[in-house]
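The values are calculated or read from the model by the stated rules, or taken from the named source; none is laboratory data. Just so it is clear, the structure is predicted and the values come from calculations on it, not from any experiment. A quick note on method: Cβ atoms are made from the backbone with ideal geometry, for glycine too, and the neighbour counts reach across all protein chains shown. Surface areas here come from the heavy atoms of the whole protein model, side chains and all, with no ligands, DNA or RNA. Shrake-Rupley method; radii C 1.70, N 1.55, O 1.52, S 1.80 Å.
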Amino acid sequence: MRLLAAFALLLALAAPAPAQEWPAHPIRLIVSFGPGGGADIVGRIVAEGLAPKLGQPVVVENRPGAAGTLGNEAIARAAADGYTLGIMTAGQIIAAVMSKSLRYDTRTAFDPVGMVATAGLIIVTRPDFPANNVQELIALARTKPGKIVFASPGFGATQHLTGELFKQIAGIDILHVPFRTSPEAISAVLGAISAVLGQVQSGALKALAVTGKDRFPAVPDVPAAIESGLLPGFDVTTWYGIFVPHGTPGAIVGRLNRALNEVIAEPEVKERLTKAGVVVRGSTPDAFGRHMADELARWDMVRERAGIAQQ
């Protein structure tokens with residue numbers, strides 16, 4: 001009887017050991033896009049900062065394809081042991097609501113670690129476009145329904161659904177034309193600030209508004225679209241956060257979150273992220289989880305209202 005009691009006590013004391021010993025070997029951070037893009041740049045800055053905090057290398061692994069869903073599937077199928085992390089973006093959430101054939105459920109396959117940063121989108125036009133602000137753009141669109149074109153880097157891209165949301169809130173009819181890349185889309189309306197900032201500064205493009213609720217530091221003189229008074233609730237930013245496979249021990253998630261928030265608070269890291277065109281936004285795991293759930297619900301509603309069928 002005493003032996004049994006002692007054995008039970010030994011098990012109770014030994015159970016937390018795996019979390020306490022973590023990490024015992026290198027960690028991989030899967031970026032679901034190719035090298036050089038926003039997610040890759042943010043991921044590499046974060047990985048470099050996490051390594052000394054965790055005492056192990058954090059190795060970035062690019063898994064591009066299918067709008068980020070191939071990399072997400074690899075994370076969903078990985079062991080929930082804290083050795084596989086991922087970068088989640090607004091684009092991957094939108095890809096999830098646009099697809100009916102994913103082999104994982106974005107709502108249940110992952111556990112949030114924390115937000116890293118946000119980045120703005122900007123509404124731009126050719127210099128000779130007759131509208132000079134959002135009020136004039138909406139007024140013009142109402143007189144020419146279906147005649148004004150807005151471009152995005154592709155069907156189902158964040159910019160595409162942002163334009164659909166703009167249409168829905170403003171009550172206007174403008175035509176979406178997808179392009180393969182942001183440079184090809186510059187002849188029209190919507191783009192990431194980092195992709196078109198040079199053209200705006202040179203005068204090759206005219207900026208009408210940014211899409212977040214606040215003005216963006218890189219273009220402080222460009223108003224937020226919501227300032228027009230004609231777009232209540234219009235607030236769109238792209239964003240980046242860290243997540244892990246569902247079931248990862250809470251102690252590991254907590255340690256990751258603390259390390260992540262320490263990293264992005266460091267002045268040198270914050271400066272590097274700012275130069276990459278993003279604004280640092282840390283969070284708790286719960287807050288980031290709520291954010292992802294809200295984004296899934298919002299963009300699915302936008303898709304349905306726009307009459308866009310899941311592919």
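Any idea of the accessible area per residue across the chain, 1.4 Å probe, to the nearest Å²? List each step's numbers first, then the result.
Values: 14390 Å² over 311 residues.
Each residue of the chain exposes 46 Å² on average to a 1.4 Å probe.
At an R0 of 51 angstrom, the distance between the Cβ atoms of LYS100 and GLU268 translates into a FRET efficiency of 0.70. Applying the Karplus relation 6.51 cos²θ - 1.76 cosθ + 1.60 with θ = phi - 60° to region 90-103 yields 3J(HN,Hα) values of 4, x, 6, 5, 5, 4, 5, 7, 7, 10, 10, 10, 5, 9 Hz, where x marks Gly and Pro.
Helical content of the chain, expressed as a calculated mean residue ellipticity at 222 nm, amounts to -13000 deg cm²/dmol (DSSP H runs of 4 or more residues, -39,500 (n - 2.57) each, divided by residue number, nearest 500). Here the chain exposes an accessible surface that is 57 percent carbon and sulfur, computed with a 1.4 Å probe and the other protein chains kept in place.
Note on the chain: Kirkwood hydrodynamic radius from all Cα pairs is 20.7 Å, rounded to one decimal.
Just want the answer: with Cβ charges of +1 for Lys and Arg and -1 for Asp and Glu, which residue in ALA251, ILE264, ALA225 is farthest toward the dipole's positive end in region 224-311? Most positive-ward Cα: ALA251. Between VAL60 and LEU29, the built amide H atoms are under 5 Å apart, and every one of these is 5 or more places off in sequence or on another chain.
Count charges around GLY43 for me, please; just the other residues with Cβ under 13 Å from its Cβ, Lys/Arg as +1, Asp/Glu as -1. Display every interim value, and only then the final one.
Values: positive: ARG28, ARG44, ARG63, ARG272; negative: ASP40, GLU48, GLU61.
With Lys, Arg at +1 and Asp, Glu at -1, the net is +1.
Bridging of LYS206 to lysines at a Cα separation below 25 Å is possible for LYS144, LYS147, LYS167, LYS275, once same-chain residues fewer than 8 apart are set aside.
Using the alpha carbon gyration tensor of region 160-295, what are the three equivalent-ellipsoid semi-axes (square root of 5 times each eigenvalue), largest first, in whole Å?
On the way: eigenvalues 195, 75, 42 Å².
Output for region 160-295: semi-axes of 31, 19, 15 Å.
Once both labels are positioned 7 Å from their Cα atoms along Cα-to-Cβ, the gap between ARG215 and THR108 label points is 4.7 nm. Near VAL177, the amide H atoms lying under 5 Å from its own belong to PHE150, ALA151, SER152; only residues 5 or more places off or on other chains count, and H is placed 1.01 Å from N.
Mean projected area of the Cα convex hull of region 70-229, taken over all directions, amounts to 10.7 nm². With axes computed from alpha carbons, what is the tilt in degrees of helix 158-170 against the longest principal axis of the chain, rounded to the nearest 10 within 0 to 90? Helix 158-170 sits roughly 60 degrees off the main axis of the chain.
Once backbone amide H atoms are built at 1.01 Å from N, GLY114 has ILE242 as its partners under 5 Å, excluding neighbours fewer than 5 places away on the same chain.
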